[in-house]
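This report concerns only the one structure given below.
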Amino acid sequence: MITDTTENAELEAIQRELESLSLQKKDLLDKQERLNLTQHNGVPSLYNHDSPPDTMKNKQHQDSEPCYMGAPPAVPAPKVFTDVQELPSYSAKIRCPHCHAFVTTEVSYSVGPVSWLVCTMSILLGCVAGCCLIPFCMKNFKDVHHKCPNCRSHLHTVKKL
Ligand SMILES: [Zn+2]
């Protein structure tokens, strides 16, 4: 019986200790909450002190974000022409038939029949005050001469008519 009572007493003591501990825990939690509140509501100095770490956090967050590299812009590979007869009305890549080097042609423009035709038509339409000279300034109406920049030989003339 004696052991029982001592055991009971011990149990009671433990119970009391537990209760007091739980009370202390409550107090501590309350204190923590109050501290959190004061931090959030902000004594200005505290707030300022807090803000740099926040930005640091954001920076770190941004850094840790995966960096997505977009696909490179789809630029079509420049067409290499094989026949001088196929040359377009702009500078193009071709294998020079004279020096056999892969070159980008030099283009020059000269007044061709189309320029004259457009000029004549504009005169017929009443554009006699200088407007009829416009076709001589527009590359679209001129013939295109392709030259090899390597050996300076004439490759082809793209005629507009
Ligand atoms: Zn050449």
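The values are calculated or read from the model by the stated rules, or taken from the named source; none is laboratory data. Owing to the predicted nature of the structure, the values given are computational and were not obtained by experimental measurement. Positions of Cβ are generated from backbone atoms using ideal geometry, with glycine treated the same way; all protein chains shown enter the neighbour counts. Each accessible area value is taken on the protein alone, full model and side chains, heavy atoms only, with ligands, DNA and RNA left out. Shrake-Rupley method; radii C 1.70, N 1.55, O 1.52, S 1.80 Å.
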Per-residue accessible area for ILE14 at 1.4 Å probe radius, Å² rounded to 10?
90
Counting only residues 5 or more places away or on other chains, whose amide H sits under 5 Å from the amide H of HIS156 once H atoms are built in the peptide plane?
HIS146
Report the accessible area of LEU29, computed with a 1.4 Å probe over the heavy atoms of all protein chains in place, in Å² rounded to the nearest 10.
90
Full extension between TRP116 and LEU11 adds, at 0.36 nm per residue less the Cα distance, a length in nm of 26.0 nm
Surface per residue (accessible, 1.4 Å probe) for the stretch 80-158, Å²:
60
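Determine, for each peptide in 146-159, 74-87, the mean count of other beta carbons within 10 angstrom over its residues, then list the peptides with the highest first. Please list the in-between numbers first.
Working: 146-159: 15.8, 74-87: 10.7.
Highest to lowest by the protection proxy: 146-159, 74-87.
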Just report the Cα centroid separation between the stretch 69-111 and the stretch 144-160, whole Å.
12
Order CYS127, CYS132, most accessible first, counting only protein heavy atoms with a 1.4 angstrom probe.
CYS127, CYS132
In whole Hz, what ³J(HN,Hα) sequence does the stretch 67-81 give by Karplus (6.51, -1.76, 1.60; θ = phi - 60°), x for Gly and Pro?
9, 8, 8, x, 5, x, x, 6, 9, x, 5, x, 6, 9, 7
Report, by chain and number, residues whose modeled amide H sits under 5 Å from the one on GLY112, excluding near sequence neighbours (fewer than 5 apart, same chain).
ASP143
